[in-house]
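This report concerns only the one structure given below.
Each reported figure results from applying straightforward, stated rules to the coordinates on display, with no laboratory input. Quantities reported herein were computed from a predicted structural model and do not represent experimental measurements. In this analysis, Cβ positions are derived from the backbone assuming ideal geometry, glycine residues included, and neighbour counts consider all displayed protein chains.
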Amino acid sequence: MTELVTVLTDELLSGLEREPFVLLHTIDADSGFPTSSVISWIYAVNRSTLRFAIDGRSRLTVNMTSKVDVSVTVFAPGTVQTIYGTARLVTEALEDVPFKLVCFDIDITSVRDAMFYGARLSARPEYEKTYDKRAADKLDGQVFAAMKKA
């Protein structure tokens, strides 16, 4: 039997650096069906807490205030890990950000290897921003600075 992991490993901590491509999974407040959304404004506050920001108009906010159980899929070096926990609202509006972003923490309850047996992730997903790079970098800096102050 596999030992229950309840904190982030060094590998996961490194996988959460520099705006990673992660999937946030919530339960839809109306339908009760699972949902998946890609987010990138996320980082590890410590080994047992993740913090992320999303658009204040996002349906995810309603989902997480209705049902706090969430998971995050992280594409780490060589593997895929799923982090389970409970979402907790940190602030309804991050300061010093040009539009309304909501900030949540995830209190981690467990971490599970989600890669199928006998395989290794050969490349992590990459994405590129399709709008002005300078504006994107400025906004990213504002968001991460505000999340760290929240």
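If you take the residues in the stretch 35-61 that are among the basic types (K, R) and not in a strand (DSSP E or B), which one is surrounded by the fewest Cβ atoms within 10 Å (Cβ to Cβ)? Show your work before the answer.
Applying the first criterion (among the basic types (K, R)) to the stretch 35-61 yields 47, 51, 57, 59.
Imposing the further condition that a residue be not in a strand (DSSP E or B) reduces the set to 47, 57, 59.
Values: R47: 14, R57: 11, R59: 15.
The extreme case among them is R57.
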> Tally time: how many residues in the stretch 1-41 are more than 12 Å from the chain's Cα centre (by Cα) and among the polar types (S, T, N, Q)?
Replying inline: 6
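Within the stretch 73-93, is even one residue assigned to a loop (DSSP other than H, G, I, E, B), more than 16 Å from the chain's Cα centre (by Cα) and surrounded by 15 or more Cβ atoms within 10 Å (Cβ to Cβ)? Don't jump to the end; show me each part of the working.
Kept after step one, since they are assigned to a loop (DSSP other than H, G, I, E, B), are these residues of the stretch 73-93: 77-78, 92-93.
Narrowing further to those that are more than 16 Å from the chain's Cα centre (by Cα): 77-78, 92-93.
If we keep only those that are surrounded by 15 or more Cβ atoms within 10 Å (Cβ to Cβ) as well, we get none.
No, the stretch 73-93 has no match at all.
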> So which pairs qualify, if the first residue must be in the stretch 77-92 and among the basic types (K, R), the second must be part of a loop (DSSP other than H, G, I, E, B), the Cβ gap must be under 8 Å, and the two must be at least 6 apart or on different chains?
Replying inline: R88/V68
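Among the listed residues F104, F99, F116, which satisfies the condition of being aromatic (F, W, Y), outside any loop (DSSP other than H, G, I, E, B) and without any contact (Cβ under 8 Å) to a residue 60 or more places away in the chain? Explain how you work it out, then say what you get.
On the way: F99 fails: outside any loop (DSSP other than H, G, I, E, B); F116 fails: outside any loop (DSSP other than H, G, I, E, B).
Matching residue, one of F104, F99, F116: F104.
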> Name the residues in the stretch 100-146 that are more than 17 Å from L8 (Cβ to Cβ) and either surrounded by 15 or more Cβ atoms within 10 Å (Cβ to Cβ) or in contact with a helix residue (DSSP H, G or I) (Cβ under 8 Å, 6 or more places away or on another chain) (or both), would you?
Replying inline: L101, V102, C103, K129, L139, D140, Q142, V143, F144, A146
> Which condition number in (1) free of Cβ contacts under 8 Å to residues at least 60 places away in the same chain; (2) under 30 Å from L4 (Cβ atoms); (3) basic (K, R); (4) not in a loop (DSSP other than H, G, I, E, B) is the one that K138 fails?
Replying inline: (2)
